[in-house]
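The values are calculated or read from the model by the stated rules, or taken from the named source; none is laboratory data. Note that the structure is a prediction, hence the values are computed from the model and not measured. Glycine gets a Cβ as well: all are built from the backbone with ideal geometry, and neighbour counts include every protein chain shown. When the accessible area is computed, the model is the full protein with side chains, heavy atoms only, and any ligands, DNA or RNA have been set aside. Shrake-Rupley method; radii C 1.70, N 1.55, O 1.52, S 1.80 Å.
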Amino acid sequence: MNKTKAYGATSAKSPLSPTTITRRDPTENDVQIEILFCGMCHSDLHQVRNEWSDVMPTVYPCVPGHEIVGRVTKVGSAVTKFQAGDLAAVGCLVDSDRTCPECQAGLEQFCPNPTLTYNFPDKHLGGVTYGGYSESVVVDERFVLRVPSNLDLAGAAPLLCAGITTYSPMRHWCISKGKKVGVVGLGGLGHMAVKFADALGAHVVVFTTSPNKKDDALRLGADEVVVSRNANEMQKHAGSFDFILDAVSADHDINAYINLLRRDGNITLVGAPEKPLQVAAFALLFGRRSLSGSPIGGLPETQEMLDFCGAHNITADVEVIPIQKTNEAYERLLRQDVKYRFSIDMASLKSE
Ligand SMILES: NC(=O)c1ccc[n+]([C@@H]2O[C@H](COP(=O)([O-])OP(=O)(O)OC[C@H]3O[C@@H](n4cnc5c(N)ncnc54)[C@H](OP(=O)(O)O)[C@@H]3O)[C@@H](O)[C@H]2O)c1
Ligand SMILES: [Zn+2]
Ligand SMILES: [Zn+2]
């Protein structure tokens, strides 16, 4: 067993602070990874503050982080895909039952018995799993991904959650040239959605509450930007979208977006606000529109997404921060002041 430096919270009300956790010695199928960068997902904040208490109550201490890239330091005797020195990545899943139909189809995100990267029962050590705000992690190789060598590592880390969570529904809904795609909320997920929709050839419209993000949205690949508080601008797009991805982290009026869908159009929720959203029945009935959700992605599709990013040179736009700035960064997330993902340089943890 290895003692590992980490950053975690001891209650919903306490800030994150330095702590020490235990990692297992690698078993025969395990890969031990020194973490170089960990992206900061809004889910980390929701979980640390126990905002999902009805669905996934937080167990403290909570060490978040599920956008992990690093270097392999050791592998178990049966590991075939990795060796010491390789780059490697870990996302939101570190295990599953591997036997259910979903796992057999490579759709581990739908497994009824998953092990998420943090705050889930740890099969090896008991207690709960601890995430990537730490020096190292030990993960079964089936749940470890390869990072294309051309990608900047700080910008690659957010692909492991923000990337796959936006890529997967776009593949499912067959986004391609000729489709009109809306992206609601230009944060970590939203800005990746813009990059993917653009790379897939769609006509991309960003909906933002932040007028100061307009130029960035265009630079990231949007064809049009709508400030969603402006009803006239919204109305111009009524009934015109094939697909809208809603990546908003807080309560908002989803009906305003459902009304922008064309017949049989779909809006997929990836944002996970604390409170239920109100859906107007008529917004869906007229036009036979549909509302769906989508969680992260399975291992094969996550690798496909990373390879797609390698081929198209896509990474997240990141602000690299030391781990000591985590609490400040959480406050900035809540003020919508992130361009467009914080990526924690884990070298900063060594001085703790
Ligand atoms: N489905 C999944 O598997 C999955 C995976 C990862 C994350 N998530 C969830 O997805 C959500 C977004 O995560 P993220 O990391 O991208 O967060 P983020 O970087 O904080 O971005 C959220 C964006 O939502 C918009 N927004 C925030 N508050 C708003 C409000 N009150 N009204 C309208 N718009 C608002 C802002 O965009 P503008 O400034 O452009 O308006 C903000 O930048 C979170 O709830 C997170 O937990 C889900
Ligand atoms: Zn996430
Ligand atoms: Zn399963």
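For the reader, a short list of remarks on this structure follows.
- Extension gain, R263 to S240, is 7.4 nm, computed as 0.36 nm per intervening residue step minus the present C-alpha separation.
- Of all accessible heavy-atom area on the stretch 219-330, the percent that carbon and sulfur account for (1.4 Å): 51
- The order of R219, R71 by accessible area, most exposed first and with a 1.4 Å probe, is R219, R71.
- Calculated [θ] (222 nm, deg cm²/dmol) that DSSP helices of n ≥ 4 give over the chain, each run adding -39,500 (n - 2.57): -6000 deg cm²/dmol
- Per residue accessible area in Å² of the stretch 1-151, where ligands, DNA and RNA are left out and the probe is 1.4 Å: 41
- Distance between the modelled labels on E34 and D337, one decimal in nanometres: 3.5 nm (7 Å Cα→Cβ projection).
- Going by accessible surface with a 1.4 Å probe and the largest first, K350, K339 read K350, K339.
- With bins 20 Å wide beginning at 0, the percent of Cα pairs of the chain falling in each bin runs 32, 58, 10, 0.
- Figure note: T19, T117 ranked by solvent-accessible area, largest first, 1.4 Å probe, ligands and nucleic acids not counted: T19, T117.
- Applying the criteria of a DSSP loop state and at most 15 other Cβ atoms within 10 Å to the GluC sites (Glu not before Pro) of the stretch 258-344 yields E274.
- Normalised convex hull volume, the stretch 1-160, alpha-carbon set, Å³ per residue: 110
- Theoretical gain in end-to-end length, N113 to R219 [0.36 nm per residue, Cα-Cα removed]: 34.1 nm
- Relative contact order for the chain, counting Cα pairs under 8 Å that sit 6 or more residues apart, in percent: 18
- For the stretch 205-309, the solvent-accessible area works out to 48 Å² per residue, with a probe of 1.4 Å and every protein chain left in place.
- Filter on K179/K214; K214/K339; K180/K213 - keep pairs with C-alpha separation over 18 Å: K179/K214; K180/K213
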